[in-house]
Every structure is written in structure tokens, then in C-alpha cells.
Amino acid sequence: MSKIKITVFLSTLLLASSPILAAETHAIDPQQQVAAIDAVIAVVNDDVITRHELDERINTVIAQLKKQGTPLPEQDVLEKQILERMISEMLQAQFAKESGVRVDDTQLDMAITRIARQNNFPTMTAFLAKLETEGINVKKFREEIRAEIVSTRLREREVESKLIISDTEVDNYLANKSKMGLDNDEYHLAHILVVVPEQASADKIRAARERADQALTQLAGGADFAQVSAGFSDAKDALKGGDLGWRPGDRIPPLFLNELQTLKSGQNTAVLRSPSGFHILKLVEKRGGSAPVVITQTHARHILIKTSEIVSESDAKKIILEIKQRIDAGADFAEQAKRYSQDGSAQQGGDLDWLSPGQTVPEFDEEMNRLKIGQIGMVQTQFGWHLIQVLARRNTDVSEQQKRQQARASIGAFKSEELYQDWLRQLRDRAFVEYRLEEK
């Protein structure tokens, strides 16, 4: 069987085996070697990052870059990039712990089961067994997935829940897009982002610009884009070559879209400035696209019992079963939703209005699509336990509605990234971080 390619809703996971860097132990005193491996190279509030941890991550990244065929950046550049990434991850983990965001083993197993299915494995057990045969530490893999879920939940709570997109913004976005005649264009992009800290001094802005200019100079000299991204970019996808995948034109900020119009496949932009920092975009490929016009929508309502520190998975399931029994015995679904549902739709009797494919999380979608009109089903998702009732279905022309939804999603994606970078900068500004790399 070929190597597993893991594609999930989470960000890219570095799954290559990660042996500790080999050392010439015969010429080094064992105590000196242990001291070197265990040396603290960064203090992050009350936690530390050790040389052992950094070296282990470096080896993992190097193995991943080699798998991708990406030329390796200079060792010191890669080391600094990875250390900054580890500091950011540690700060988020600390914040999550302080604010009560956690992922229990049941929720983790659900996520890994989804990954297993996406990789065509019938069970989580079979999937994890395959990982072991490929030299991947399963315990470490589980904790990486847990950390990614926590990071995603933090972003949802601290950033995406605070997004506000007005109808006027959507109208202006669609009007500008129409003028440019880009309704059906899609772009495969890669990027480099050099972040500018919030309220940065002129010196810090100048330093960030110089760093972006250095990256551009290397590209102009023929350097591989993925290699330069790994060495210079602050974006989370830097170590996978900055690859953003395919993006429809309406998911790309106008500033960038204007620049892309002048490029041929394989070319990159000059350094571009945005509120989050300095960018360099590469147009990998461009194609014409067309969105579906007629889709099947489902009118559904639901009742949600959330899981939490107080309400366990089994308790939530027990409560939702009791509610279902009352509805089966004749209780009104809407009244039960108003009384018990822990979702924003509760006051509307749990009514979710018309839902398009993919508008809800996969487990909810799957159970909803399985139900016939009038039927009630029960399903567990990352949010808790749901009762779902399908009220109606229709095939409908949603071209205009879809355009507005896509526009709103495009504006939201851009705003979300800006707000997320701001939040990370604020998290970093409040933290105590001390570097001790010279102790290597």
C-alpha cells in the first residue's frame, strides 16, 4: 500500500518520522551530550522549549520537505522559523488551558475517525496501525491532532465569532467583481507572508520589508518558491511551500487579484503590503470555473445538547435521548428546542431554515441527508449531541444567493485571517519570551 496522504479540515500535519539528530557520541562526554540535548533554548511564560524538542521538530520538518521535494532552507533560517512556530503553538496552548478550551479523548477519536475515512480506512484502529508501520509515533500523532483542534476552536471563538460583514460590503464586493469580469476564474496560488506586528515601530516595519525584499531577491535569482517560503514566510503553510491551493477569484482580496491579472503561470508578484504584513504571491495556474446553479436544499430543525467540562458525552446523549422520547410520545419539537436546545436557533424552535450541501459539519450533513421528510435522527458532532428533523427538500436555483454567500465567505476569509494575525500578535505582545539559542 502506498504512503498515506492525510487531507483533513485541519491545517497541514507533519507526519514524517522524526528521529533525533544523530550525534558522534564516542567523542563526547555523555553528561555533556545530555546537557546539550536538554538545554532550554526558549522560555515562554512559565513553560520552556528544549533543544531536544526543537531538534526533533526540525528533523520532522526536514523529512516532510524532502518528501515534498522542496529544497531545504539554510539551517539557521529553518531553525528560527520552526522555533517561532513552536512559540506560537505554545502560547495558544497556554491560552486554551487558561480559558478552558479542551478536547477530550472521545472528541479526539471522532476527529481521527474522520481522517481515517478520508483516507479510505474502515476504522480508526486500522488507520493508526498503518501509521505505525510507516514509522509514525501514534501517541504523538494523536496529540498533534488534539492541538490542531484546540487551535481551530480558539480561532473560532476568539476571531471568527466576532466577524461582522455588512450587506453593503457584500454589495460593493460583487459590484467590483462584476466590473473586473472575474466571476468564473480560479487561481492556484502559493504565497510568502512576512508579518508586521501590531503598532510596530518604523524600525520593525522596515526590518519586515527588508526581509520580504530578501525573499523577492532570492526568487528573482531563480530560487525555488517553496524553499524561499519555508525560509522566510510567517504563514502557517510556510513549510508546505506556502501552497494555498485553488481559490476562486471572489475569495481573493482585490489588492492581490489586480496583481494576479498581469501574471503568467509560474510567475510571482512584487512585494505587496496589507494590514497584516508584506506578501509575495505566486500564480501556479489559472483556470475558468463555474459554480453550480441548481442544488438540493434541505429545510431542517435541530436540538443541540453541548458537551462541556460539566456535561459529559454520555450525559449529553442521555439528555438528547430523553428529549427524543418525549417528541416520539407527542411533544412538540419546536417547544422542546426552545426549552432545551443550546444553540442560537433555539428561540426559532431549532429552525435552521434552508441548508445547502456542505453548510453544516459533515456528521450533521450525513445524518440529515439520510433522513426522509418528517423523520427525526440523532447524531454526535464536535459540538455535542443533536436531534435533527427534516421538514422539506427542494431543488432550487441559488445562483444569486450563492454569489452572495460566496462573497460573504470571501470577505470573511480575508477578514478572519487579518483578525487572526492580530490576535496572535496580541497574544505574543502579552507574553514573556526569552531566547537562549546561543546555548546550543
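Could we say that A331 is without any contact (Cβ under 8 Å) to a residue 24 or more places away in the chain and either among the hydrophobic types (A, V, I, L, M, F, W, C) or not assigned by TED's automatic domain parsing to the domain that holds V379 (or both) here? Can you show your working first?
Details: without any contact (Cβ under 8 Å) to a residue 24 or more places away in the chain: yes; either among the hydrophobic types (A, V, I, L, M, F, W, C) or not assigned by TED's automatic domain parsing to the domain that holds V379 (or both): yes.
Yes, satisfied.
Specify which of the listed residues (Q389, Q406, Q375, Q401) is polar (S, T, N, Q) and within 24 Å of the chain's Cα centre (by Cα).
Q406
Which ones in region 333-351 are of a type outside the set (A, V, I, L, M), under 17 Å from E322 (Cα atoms) and assigned to a helix (DSSP H, G or I)?
Across region 333-351, the qualifying residues are F333, E335, Q336, K338, R339, Y340.
Give A238, A220, A226 a once-over and let me know the one that is crowded, with 20+ Cβ neighbours inside 10 Å and over 20 Å from V196 (Cβ atoms). Don't jump to the end; show me each part of the working.
On the way: A238 fails: over 20 Å from V196 (Cβ atoms); A220 fails: crowded, with 20+ Cβ neighbours inside 10 Å.
Step by step, each of A238, A220, A226 is checked, and only A226 is crowded, with 20+ Cβ neighbours inside 10 Å and over 20 Å from V196 (Cβ atoms).
For residues in region 112-121 being under 16 Å from E363 (Cα atoms) and out of contact with any helix residue (DSSP H, G or I) (no Cβ under 6 Å at 6 or more places or on another chain), which is modelled with the lowest pLDDT? Break it down into steps so the answer makes sense when it comes.
As a first pass, look at region 112-121 and keep what is under 16 Å from E363 (Cα atoms): 112-118.
In the following step, the residues that additionally are out of contact with any helix residue (DSSP H, G or I) (no Cβ under 6 Å at 6 or more places or on another chain) were identified as 114-115, 117-118.
Details: R114: 87, I115: 89, R117: 87, Q118: 84.
Filtering first and then ranking leaves Q118.
Yes or no, residue by residue, for (1) of a type in the set (A, V, I, L, M); (2) without any contact (Cβ under 8 Å) to a residue 60 or more places away in the chain; (3) touching a helix residue (DSSP H, G or I) at 6+ places or on another chain (Cβ under 9 Å):
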site: M378; (1), (2), (3): yes, yes, yes
site: G384; (1), (2), (3): no, no, yes
site: I388; (1), (2), (3): yes, no, yes
site: R393; (1), (2), (3): no, no, no
site: T396; (1), (2), (3): no, no, no
site: A407; (1), (2), (3): yes, no, yes
site: S410; (1), (2), (3): no, no, yes
site: Q426; (1), (2), (3): no, no, no
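Among the residues of region 305-332, write down those that are of a type in the set (D, E), within 30 Å of the chain's Cα centre (by Cα) and not in a helix (DSSP H, G or I).
E309 - this is the single residue of region 305-332 that is of a type in the set (D, E), within 30 Å of the chain's Cα centre (by Cα) and not in a helix (DSSP H, G or I).
Does region 170-183 include one or more residues that are out of contact with any Cys (no Cβ under 7 Å at 6 or more places or on another chain), at pLDDT 90 or above and among the β-branched types (V, I, T)? Before the answer, list the steps.
Residues of region 170-183 out of contact with any Cys (no Cβ under 7 Å at 6 or more places or on another chain): 170-183.
Filter once more, keeping what is at pLDDT 90 or above: none.
No, that holds for no residue.
Residues K415, K372: which one is under 30 Å from I112 (Cα atoms), touching a residue at least 12 places away in the same chain (Cβ under 8 Å), out of contact with any helix residue (DSSP H, G or I) (no Cβ under 7 Å at 6 or more places or on another chain) and buried (at least 17 other Cβ atoms within 10 Å of the Cβ)? Outline the logic, then answer.
Working: K372 fails: buried (at least 17 other Cβ atoms within 10 Å of the Cβ).
Exactly one residue qualifies, and that residue is K415.
Could we say that K240 is farther than 23 Å from Q421 by Cα, in contact (Cβ under 8 Å) with a residue 12 or more places away in the chain and among the charged types (D, E, K, R) here?
Working: farther than 23 Å from Q421 by Cα: no; in contact (Cβ under 8 Å) with a residue 12 or more places away in the chain: yes; among the charged types (D, E, K, R): yes.
It is false that K240 is farther than 23 Å from Q421 by Cα, in contact (Cβ under 8 Å) with a residue 12 or more places away in the chain and among the charged types (D, E, K, R).
If the requirement is being more than 24 Å from Y420 (Cα to Cα) and over 19 Å from the mean Cα position of the chain (by Cα), which of these qualifies: E132, E98? Spell out the reasoning first.
Details: E98 fails: more than 24 Å from Y420 (Cα to Cα).
After applying the criteria, what remains is E132.
Taking the criterion of being part of a loop (DSSP other than H, G, I, E, B) and closer than 23 Å to E158 by Cα, would at least one residue in region 363-384 satisfy it?
So the first thing to find is which residues in region 363-384 are part of a loop (DSSP other than H, G, I, E, B), and the list is 371-375, 382-383.
With closer than 23 Å to E158 by Cα added as a condition, the list becomes 382-383.
Looking through region 363-384, at least one residue is part of a loop (DSSP other than H, G, I, E, B) and closer than 23 Å to E158 by Cα.
State which residue pairs qualify: first residue farther than 17 Å from S88 by Cβ and free of Cβ contacts under 8 Å to residues at least 24 places away in the same chain and inside region 148-165, second residue among the acidic types (D, E) and assigned to a helix (DSSP H, G or I) in any location, beta carbons under 9 Å apart, and separation of 6 or more residues or different chains.
Close Cβ pairs satisfying both conditions: none exist.
The values are calculated or read from the model by the stated rules, or taken from the named source; none is laboratory data. Source: prediction; values computed, not measured. Note: ideal-geometry Cβ built from the backbone for every residue, glycine included; neighbour counts use all protein chains shown.
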